[in-house]
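A.B. asks: Attaching a single structure in structure tokens format; questions to follow.
Any read-out appearing in this document is the output of simple, stated calculations on the displayed coordinates, not a laboratory observation. All of these numbers come straight from a predicted model, not from anything done at the bench. Here Cβ is always computed from backbone atoms with ideal geometry, including for glycine, and neighbour counts include all displayed protein chains.
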Amino acid sequence: MIEVEQLSYSYPDGRQALEGVTFRVMEGETVGLVGPNGAGKSTLLLNLNGLLACPPQRGRVRVGGLELSRANLYEIRRRVGLLFQDPDDQLFSASVGEDVAFGPMQLGLGAEEVRRRVSEAMAAVKLPGFEGRAPHHLSLGEKKRVCLAGVWACQPGVLLFDEPTANFDPRGRREFIDLCRSLSATKLLASHDLEMILALCERVLVMDGGQVIAQGETREILGDEALMLAHGLEKPHSLFHAHPHPLQVCQGTNSR
């Protein structure tokens, strides 16, 4: 579903943000994208639907076999939905309903179809009846759900998430993880929340210095403590094996 070959990108100030990035994501997969701050994760996501460069400065990007190019940009953006880290960067309408309807309206859909998609998207993110609410009156978790509803209403085949659980409380985080799991799309999640990556992702890519350093099965990659430490990360706590308490060992020995 996503094919990236030797993708490189430099910002206007000359800073090299991506260098030779190559990977694939199969249809229906949920893949994690991890790395320290400045690794290039957000830049990569913004390149996957042409928000930073179209065509790519160097390399190739394909979505569902379709090349990222100016001629295909409309269709690429229809296929690839992006959820920004800060929901205030994504919400701009006076009401939730107007915000969620914006994308489907840009697709040229009729009024009845737009209303249906808005209703279904709000139900999918578990916020039915919120259409008349003002976005600035919502909690952080509700704002992120509304952003996701706006993306989901366009029915993309690919969902890109940039730090989806950042600044959530534990309950909001659990609810958002369950929500992400329920959505039937190909998903690429960039996050520092490695426990969330473990919970949701079959595979993971490790980025550092604008390059993909390692990729593979999630538990194997995140369980490699030396690899994690070398690239500004830590092995998730859930992957550390619990050791029996010394007193329990002594009691077991004495009883024999």
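A.B. asks: Angle check, please: helix 170-182 long axis (alpha carbons) against the longest principal axis of the chain (alpha carbons), in degrees 0 to 90, nearest 10.
C.D. replies: Between the helix axis and the principal axis of the chain, the angle is about 70 degrees.
A.B. asks: While we're here: Under the 0.36 nm per residue contour assumption, what length would be gained going from the current alpha-carbon distance of residue 86 and residue 220 to full extension?
C.D. replies: Result for the pair: 45.2 nm of gain on full extension.
A.B. asks: Still on this structure, please answer the following. Hey, for a label at residue 51 modelled as a point 7 Å past Cα toward Cβ, could you say which residues of the range 110-145 have their backbone N under 20 Å away?
C.D. replies: So the set is 135-136, 140-145.
A.B. asks: What residues qualify as long-range amide H neighbours of residue 58, i.e. H under 5 Å apart, gap of 5 or more or another chain, H built at 1.01 Å from N?
C.D. replies: Placed amide hydrogens put 8 under 5 Å from residue 58.
A.B. asks: Here's a follow-up. Around residue 205, which amide H atoms from residues at least 5 apart in sequence, or from another chain, sit under 5 Å from its own amide H, with H modelled in the peptide plane?
C.D. replies: 32, 33, 34
A.B. asks: With +1 assigned to the C-beta of every Lys and Arg and -1 to the C-beta of every Asp and Glu, and no other charges, what is the dipole magnitude of the chain about the Cα centre in debye, to the nearest 20?
C.D. replies: 320 debye
A.B. asks: On C-alpha positions alone, give me the angle between the axis of helix 246-255 and the longest principal axis of the chain, in degrees, nearest 10.
C.D. replies: With both axes taken from Cα atoms, the answer is about 50 degrees.
A.B. asks: Which label belongs to the value computed from this structure, given these candidates for mean projected area of the Cα convex hull in nm²: (i) 12.2; (ii) 17.1; (iii) 14.0?
C.D. replies: (ii)
A.B. asks: Let me ask something else about it. Highest first, please rank the peptides 68-77, 37-46, 207-216 by the mean number of other Cβ atoms sitting within 10 Å of their residues.
C.D. replies: Final packing ranking: 37-46, 207-216, 68-77.
A.B. asks: Right, another one. Quick one: helix 140-152 against the long Cα principal axis of the chain, what's the angle to the nearest 10°, folded into 0 to 90?
C.D. replies: 60 degrees
A.B. asks: Whole-Hz Karplus ³J(HN,Hα) for the range 39-53, in order, using 6.51 cos²θ - 1.76 cosθ + 1.60 and θ = phi - 60°, x for Gly and Pro?
C.D. replies: Per residue, the Karplus-derived 3J(HN,Hα) values read 6, x, 4, 5, 4, 4, 4, 5, 7, 6, 10, x, 6, 9, 8 Hz.
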